[in-house]
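Input: a single structure, listed below in structure tokens.
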Amino acid sequence: MSDKIAYSRNGDIAVLTIQNPPVNALSHAVRQGLMDRMDQAEADSGVRAVMIVGEGRAFIAGADITEFGKPQMAPALPDVINRIEASPLIVVASMHGVSLGGGLEVVLGCHYRIAVPSARIGLPEVNLGLIPGAGGTQRLSRVAGVDAALDIMTTGRQISAAEAAKIGVIDVVQDGDPLENGLAYVTDLLAKDAPRRPVSEIAAPEAIDWDAAYDAVLARGRGQISPAQCVRAVQAGVEMPFSEGLAAERQIFTDLLKSDQSKGMIHSFFSERAVGRLPELKGVKPRPLDHIGVIGGGTMGAGIATSALLSGLQVTLIEMTPAACEAAHERIEGNLAGALRRGKITAEQHETILNETLTVTNDYADLSDADLVIEAVFEDMAVKKKVFIKLDRVCKQGAILASNTSYLDVDEIAAVTSRPQDVIGLHFFSPAHVMKLLEVVVAEKTAIDVVATGFELGKRMKKISVRAGVCDGFIGNRILATYRDAADQMVMEGASPYDIDAALEGFGFAMGPFAVADLAGLDIGWAVRKRKRVEAGIEGVSTYADKMCEAGNFGQKTGTGYYDYAAGAKARVPNPEVMSLIVADRTAVGTVQRTFTTEQIIRRYMASMVNEAAKVVGEGIARRPLDVDMTLLFGYGFPRYWGGPLKWADIVGLPDLLEDIATYAKNDSNFWEVAPLLKELVATSKSFDSLNKES
Ligand code: 3H9
């Protein structure tokens, strides 16, 4: 018999304690154990009720996700839950921590439910590209009604015990020890001779307009299919007898389990957790991290300072003049007001941060006791070097000097200090207090405990931290530069920016590349192009993109760019002047014109991204394919349901991609030079994911 479920007697109550750390996932042994212990309880003379509790930090966090994709071993979870519900004894769940997915489904199979106030419940299967597959769609809608059930399962959000009680999922919310509370509750139920209360016997809820609900959820899902499938499963439960509804739900669940989207999302789930786990950091103690310095109070510096303040760190921000200090202070205050409004901090914390933990000054000497200083000044090597020389002079021994550069050579920056071992790149994404990604850029001489401290900072700031090596643009911006080029090339060959944006938004990106450029500001790329031309001695050339800027069209901030934003950002319409500028450029350059289908746009854009990503992994700039995947997911709006560009590549097949690249290379062999790693994987019939597993 399994040892994952402990069995004990408390008078006439059998207590089943789930013991499967860390989060009591419903592995095969747990499912079998629940079956066996239910049998034991029913055979145990004098037992009148069963109580299920979880040991450790959760009641049950759901099905064991590591078992997905492997052959199913009986008993299946729906059978376990049906067996619990069908017991002649009364069965009670006493919950603490989370009861998620299959965990909530077990709870709904019990006849009564009690929880501590801090308990949380949810059906987060949609976050894995699935729907609840063990009765969740059927039972929750019977208990809570269709609207509340659909809200919970289509968003995947967790709700509090109080909210769960309001919609009837929890009968009693009570502070204290879940075991003690539960026993008292069951004793009370037995004293009252409370009946069994199977949810499957509750009448089906009222129907709604299923097609309208399906369409609304589908539209919200930006291409994700599983949330809308929840609607169909609930519909089946309303229109058919309980057992048939259950079978329909199971069919949708198993179909989705085989889908590309669930493969992508399950990859995202595990990669998100694996990305910060680096073998070389095992056992390495981070340096102390209490007081952070930030150089520069522009959008980026203020965002970094805000993020540090929100994670409880003391912050000293340096600006050059009193006026700039005041502006920086205002920016941070604005960010913090937003955090207060969204309930991320209390009014008291807000006051303390502004009055005690934040200092804005123009005196570098105030950094003398900082543990780590992040420079976020203008992206220019000479300016950065000046800052690092100053920091080297004022910062205490052992203090970490970090640059927020997005593409400059961190080794070169480190070389101007007397302590290159303490120098690291910490590349935040704007707005830094909102965006989840942090590239931890490890330079040649960076000490290992400095790397560990970079990851520790990311953890405290609740970021997804990715280790990157030094090269122009590190992981993310290097790959971005390539796929942006691919998009620009397609524009010159006949695709409009609007076709490209529409194709990629259809693929699942939050925004297409030209809409992103409008958001970031077209003047940024313009300045870079002008500088590069001066360096190359080819001034006087002006592309269509330059002409847009020369006319003052910088994107959203000026109201026009590729799009016209007169009716607001969401109601953007193509700027009518852009296409004529593009056509003039195409004619001047003389590129052969062709048409592109949506599929062709996506394949070419993605092939460029995958090829560059394979180079980034092959050169060791990213350690593993999953590091690239998480960078693109958390910093560049890549659709989570594809799992990242390299997971996407595995899904569509590497040999086909290689063939595509060979075709594109016929016109531009330089740009389309195949990544050696991609060739090697195809030659050895391996996937990118096989490299994740080897590492
Ligand atoms: C489902 O239930 C389908 C059913 O409807 C139908 C079935 C037929 N399985 O996140 P953490 C691991 S689908 C296996 O770092 P936290 C996790 O990988 C499931 N492993 O901690 C990590 O391992 P490691 C629906 C799991 O405190 C460790 O536990 N349920 C599972 O920040 C700690 O996790 C979900 O989608 C699992 N279900 O957050 C819930 N869950 O240490 C998914 C966690 O090796 N889980 N692990 O990296 C979560 O949302 C969070 O993990 C949780 C804890 C909130 C539970």
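Packing around the peptides 140-151, 408-419, taken as the average count of other Cβ atoms within 10 Å per residue, puts them in this order, highest first: 140-151, 408-419.
Put a plus charge on the Cβ of each Lys and Arg, a minus charge on the Cβ of each Asp and Glu, and nothing anywhere else: the dipole of the range 511-590 about its Cα centre is then about 180 debye. The portion of the accessible surface of the range 651-695 made up by carbon and sulfur, rounded to a whole percent, is 49 (1.4 Å probe; DNA, RNA and ligands excluded). The average projected area of the chain, computed from the convex hull of its Cα atoms over all directions, is 33.9 nm².
Annotation: amide H of Leu426 within the under-5 Å range of Ser403, Asn404, Thr405, Val441, sequence separation 5 or more or interchain, hydrogens built in the peptide plane.
Accessible area per residue for the chain, computed on protein heavy atoms with a 1.4 Å probe, is 42 Å². In this simple spin-label model, placing a label point 7 Å from the Cα along the Cα-to-Cβ direction at both Ser695 and Ala76 gives a separation of 3.6 nm. When the surface is traced with a 1.4 Å probe over the full set of protein chains, Ser406 keeps roughly 30 Å² accessible. For the range 289-472, the tally of Lys pairs with Cα-Cα distances below 14 Å comes to 4, considering only residues 8 or more apart or on different chains.
Backbone geometry of the range 656-668 corresponds, through the Karplus equation with coefficients 6.51, -1.76 and 1.60 at θ = phi - 60°, to 3J(HN,Hα) couplings of 5, 5, 4, 5, 4, 4, 4, 5, 5, 5, 4, 9, 7 Hz, x marking Gly and Pro. In this Cβ point-charge picture (+1 for Lys and Arg, -1 for Asp and Glu), the chain has a dipole of about 580 debye about its Cα centre.
Counting only lysines at least 8 places from Lys666 when in the same chain, those with an alpha carbon closer than 19 Å to its own are Lys679. For trypsin sites (Lys or Arg not before Pro), the sites in the range 359-407 that DSSP calls loop and that have at most 11 other Cβ atoms within 10 Å are Lys396. Place +1 on the Cβ of every Lys and Arg and -1 on the Cβ of every Asp and Glu in the chain, take the dipole about the Cα centre, and give the residue among Gly643, Ala219, Thr446 whose Cα lies farthest towards its positive end. Result: Thr446.
What you get for the range 289-472, charging only the Cβ of Lys and Arg (+1) and of Asp and Glu (-1), is a dipole of about 480 debye around the Cα centre. For the range 4-106, the set of chymotrypsin sites (Phe, Trp or Tyr not before Pro) satisfying both a DSSP loop assignment and a count of at most 16 other C-beta atoms within 10 Å is given as Phe68.
Rolling a 1.4 angstrom probe over the range 388-509 with all protein chains present gives an accessible area of which 51% lies on carbon and sulfur atoms. Cα convex hull, the range 237-360: 222 Å³ per residue, rounded to a whole number. Protection proxy ranking for 130-138, 202-210, 498-506, using the average of other Cβ atoms within 10 Å per residue and placing the highest first: 130-138, 498-506, 202-210. Extension gain, Phe671 to Arg287: 0.36 nm times the residue separation minus the Cα-Cα distance gives 134.0 nm. The phi-based Karplus calculation (6.51 cos²θ - 1.76 cosθ + 1.60; θ = phi - 60°) puts the 3J(HN,Hα) values of the range 687-695 at 10, 4, 5, 4, 6, 4, 6, 6, 7 Hz, whole numbers, x for Gly and Pro. Based on C-alpha pairs under 8 angstrom that are at least 6 apart in sequence, the range 289-472 has a relative contact order of 21 percent.
In the chain, a dipole from Cβ-located charges (positive for Lys and Arg, negative for Asp and Glu) runs towards its positive end, and of Leu26, Ala468, Leu190 it is Ala468 whose Cα lies farthest in that direction.
Between Ala520 and Ile202, residue separation times 0.36 nm minus the direct Cα-Cα distance comes to 109.1 nm. By accessible area, using a 1.4 Å probe on protein heavy atoms only, the range 315-364 has 50% of its surface on carbon and sulfur.
Using 0.36 nm per residue and subtracting the Cα-Cα separation, the extra length available between Val383 and Glu280 on full extension is 33.8 nm. Of the residues Val578, Leu519, Met548, the one whose Cα sits farthest toward the positive end of the charge dipole of the range 511-590, with +1 on the Cβ of Lys and Arg and -1 on the Cβ of Asp and Glu, is Leu519.
Peptides 544-556, 664-676 ordered by packing proxy, namely the average of other Cβ atoms within 10 Å per residue, highest first: 544-556, 664-676. Phi angles across the range 393-398 convert, under the Karplus curve 6.51 cos²θ - 1.76 cosθ + 1.60 with θ = phi - 60°, into 3J(HN,Hα) values of 6, 8, 7, 5, 5, x Hz, Gly and Pro given as x. Measuring r between the beta carbons of Glu680 and Glu659 and using R0 = 22 Å, the FRET efficiency lands at 0.90.
As a length-normalised measure over Cα pairs under 8 Å and 6 or more apart, the relative contact order of the chain settles at 9 percent. Each Cα pair under 8 Å and six or more residues apart adds its separation to the average, and for the range 511-590 the resulting relative contact order is 28 percent.
The values are calculated or read from the model by the stated rules, or taken from the named source; none is laboratory data. Values in this document were obtained by computation on a predicted structure and should not be read as measured data. No Cβ is skipped: glycine too gets one built from the backbone with ideal geometry, and neighbour counts run over all protein chains shown. Surface areas here come from the heavy atoms of the whole protein model, side chains and all, with no ligands, DNA or RNA. Shrake-Rupley method; radii C 1.70, N 1.55, O 1.52, S 1.80 Å.
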